[in-house]
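K.L.:
Pasting a structure below so you can have a look.
The values are calculated or read from the model by the stated rules, or taken from the named source; none is laboratory data. These numbers come from a predicted model, not from an experiment. Quick reminder, even Gly has a Cβ in these numbers, built from the backbone with ideal geometry, and neighbours come from all protein chains shown.
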Amino acid sequence: MTDVLVIGGGVIGLATAIALSQKGANVTVVERDLCGHGATWAAAGMLAPEAERLEGSLLEFGIRSRKMYPQWIANLMRLSGQDCGYWCCGIVAPILADSAECDRLLQHHKYIDREQTDKCQSGLGESITGSFWLPEEGQVNNRKLIQTLLIAARSLSIKILEGINVYQIERDRNRVTHLDTSAGKLQSDRYILATGAWTRCLLPLPVKPIKGQMLSVYDRDRQLQRVIFAPTCYIVPRQDGTIVIGATVEDTGFTQGNTAAGIMHLLNNAIAVYPAIANMQITETWWGFRPYTPNEIPLLGASDYENLIIATGHYRNGILFAPITAKLLTDFIIDGIPTPFAVND
C-alpha cells in the first residue's frame, strides 16, 4: 500500500509525485516503459505559451506555469544536484511575407521589424519581414529534465516501478480497488492517471495520440542563440550546439517511425527560416505521440471514481505545464482545492 500511486512516469507523473512527496505523501510511480521515454523524451522543451498562441484560460495557465519555472527548477536542482538545461533565451516568432494575417500581426504590441529582429537573432531567411520578440520565453532540455526528475524522486524515497504494464484499473462502485499489472495487483489509497497519449488504454477519456516527427542538427559555430518559433516549424538551440527541429502533426494513431516526407518537410521549412541549417550535420531523428484532447485543454482533477485523479491531455505543452499541474493536483489531493480544468467540464 502507498498513499498515492501515479500511473505514468513522464514529466507530469514525476513532477506530481515529487510535489506530493514534499507535502508528506508516500508515493509510488508505475511506468510501462522507462520513465520519461514517451512524449517527454520526444519533446523540444520549449516554454512558449505566447509563441504557441494559446488563448484565454489556457494562455493564463501557461504563463502562470512559465513564471513558476525558475523556482521549480531550483527545487529540482537542490534535490538532485543536476542541471536541467533551463535557459530563458527568449523566443523570436517570425512573420513571413506571405502570411495571410500579416497586416493584423504588425499591430501586435510585441512586433518588431526586420532590422530589430536581426539584432535579436541574425541569419534569418529572406522571407521574414519581422517577428514577435518574446524575451520571457525559453526552453528546458527535456532529456536532462527527465533524468533530474528521476534523481529528485529517488532522493525523496519515491518508489519507481519501470517496465510494468497496467492492464486494468479495477473498480467497485465509485472507487478504484487496485490495478491489475504485469507485476500483480498494486493498491493505493489514491491513484493518478498520467498516461498521456495512452490514456484510452485504461479509461474512455477523449485523448488520442498525435504523432510528431523531429530531428536534430549540430551547430558548430553556435550562432543561434534564440528559439525560433515560425509558422512552419520551430528551431530550438541547445547550449551544447545541438539544434532541435520540429515537428510534424500527424493523426495516424500509434504509427511508429520517421518518414522521408516528414523529415524533408521539417528540413525544407527550417532551412527557409534559418538557412545555415542547410550545411549542418544531422545528428538524430525521432518521433513521439502527443496526448491530444478535442479542445487542446488538459484534463485535470476528479474522475467518476472518488479516489482516481486525472492528469492527462497536455498535448503540445506537457513540459511547460508540468510545474503548475503538479502544484494544482497536490493542492487538490492534500487540501481539496478544485482544479481549473475539471475532467467533466
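K.L.:
Go through segment 29-57 and give me each residue that's outside any loop (DSSP other than H, G, I, E, B), surrounded by fewer than 20 Cβ atoms within 10 Å (Cβ to Cβ) and not hydrophobic (A, V, I, L, M, F, W, C).
P.N.:
Of everything in segment 29-57, those that are outside any loop (DSSP other than H, G, I, E, B), surrounded by fewer than 20 Cβ atoms within 10 Å (Cβ to Cβ) and not hydrophobic (A, V, I, L, M, F, W, C) turn out to be GLY56, SER57.
K.L.:
Looking at GLU60, is it in the same structural domain as ARG154 (by TED's automatic domain parsing) and either assigned to a strand (DSSP E or B) or under 15 Å from the mean Cα position of the chain (by Cα) (or both)?
P.N.:
Details: in the same structural domain as ARG154 (by TED's automatic domain parsing): yes; either assigned to a strand (DSSP E or B) or under 15 Å from the mean Cα position of the chain (by Cα) (or both): no.
So GLU60 fails the test.
K.L.:
Note down all Cβ pairs under 6 Å where the first residue falls in segment 74-92 and is of a type in the set (Phe, Trp, Tyr), the second is in a helix (DSSP H, G or I), and they're at least six residues apart or on different chains.
P.N.:
TYR86/ILE73
K.L.:
Return the residue satisfying two criteria in turn: it lies in segment 297-345 and is outside any loop (DSSP other than H, G, I, E, B), farther than 14 Å from LEU203 by Cα and among the small types (Gly, Ala, Ser), and of such residues it is nearest to the chain's Cα centre (by Cα).
P.N.:
Among those residues, the one meeting the criterion is GLY318.
K.L.:
OK, next. Can you run down the residue pairs with Cβ atoms below 8 Å, 6 or more apart or on separate chains, where the first is in segment 39-64 and within 14 Å of GLY85 (Cβ to Cβ) and the partner is part of a strand (DSSP E or B) and of a type in the set (S, T, N, Q)?
P.N.:
ALA44/GLN139; GLY45/GLN139; MET46/GLN139; LEU47/GLN139
K.L.:
Look at segment 234-287 and say how many of its residues are crowded, with 17+ Cβ neighbours inside 10 Å, among the hydroxyl-bearing types (Ser, Thr, Tyr) and part of a loop (DSSP other than H, G, I, E, B).
P.N.:
The total comes to 2.
K.L.:
Separate question: Regarding SER131, is this residue of a type in the set (Gly, Ala, Ser), touching a strand residue (DSSP E or B) at 6+ places or on another chain (Cβ under 6 Å) and in a strand (DSSP E or B)?
P.N.:
Judged against the criteria, SER131 is a match.
K.L.:
Looking only at segment 1-14, decide whether some residue is over 22 Å from TRP198 (Cα atoms), out of contact with any strand residue (DSSP E or B) (no Cβ under 7 Å at 6 or more places or on another chain), among the β-branched types (Val, Ile, Thr) and surrounded by fewer than 24 Cβ atoms within 10 Å (Cβ to Cβ).
P.N.:
So far as segment 1-14 goes, no, none of its residues is over 22 Å from TRP198 (Cα atoms), out of contact with any strand residue (DSSP E or B) (no Cβ under 7 Å at 6 or more places or on another chain), among the β-branched types (Val, Ile, Thr) and surrounded by fewer than 24 Cβ atoms within 10 Å (Cβ to Cβ).
K.L.:
Can you work out which of the residues in segment 161-189 that are assigned to a strand (DSSP E or B) and crowded, with 20+ Cβ neighbours inside 10 Å is nearest to the chain's Cα centre (by Cα)?
P.N.:
The qualifying residue nearest to the chain's Cα centre (by Cα) is VAL166.
K.L.:
Kindly evaluate ILE158 against the criterion of being farther than 16 Å from THR2 by Cα, in the same structural domain as LEU76 (by TED's automatic domain parsing) and in contact (Cβ under 8 Å) with a residue 60 or more places away in the chain.
P.N.:
No, not satisfied.
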